[in-house]
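Below is one structure, written out as structure tokens; the observations come after it.
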Amino acid sequence: MHCRYWLYSVALLLLVLGGTPARAQPFVMPGGPGVLYFGPEGGWTQLTDHTQAGTHLGTLAIKQDDGFNVGARLG
């Protein structure tokens with residue numbers, strides 16, 4: 001039993017100290033060193049239709065279509 005607690009403690013210590021932070025890759029820009037990142041993203045969007053009764057305008061019905069979305073991020 002004592003050995004199991006020791007093993008769990010060592011595993012937890014390695015997990016905490018062994019992690020590395022995520023960073024963008026360094027990129028040398030014309031004006032000097034900097035960091036540039038680019039990330040594509042996309043996926044399928046599937047939302048259910050929604051009906052809400054009791055609004056001050058009456059019944060509110062929202063119809064949402066399924067579809068594919070695409071995006072990118074740059075910085």
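Every number here is computed from the coordinates shown, using simple stated rules; none is lab data. All values reported here derive from a predicted model rather than from experimental measurement. Virtual Cβ from ideal backbone geometry, glycine too; neighbours counted across all protein chains shown.
Tabulated data for the structure shown
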| read-out | value |
| --- | --- |
| HN-Hα J in Hz across the range 37-49 - Karplus 6.51, -1.76, 1.60, θ = phi - 60°, x for Gly and Pro | 9, 9, x, x, 8, x, x, 9, 10, 9, 10, 8, 5 |
| Estimated inter-spin distance, Leu74 and Ala11, nm [label 7 Å along Cα→Cβ] | 4.6 nm |
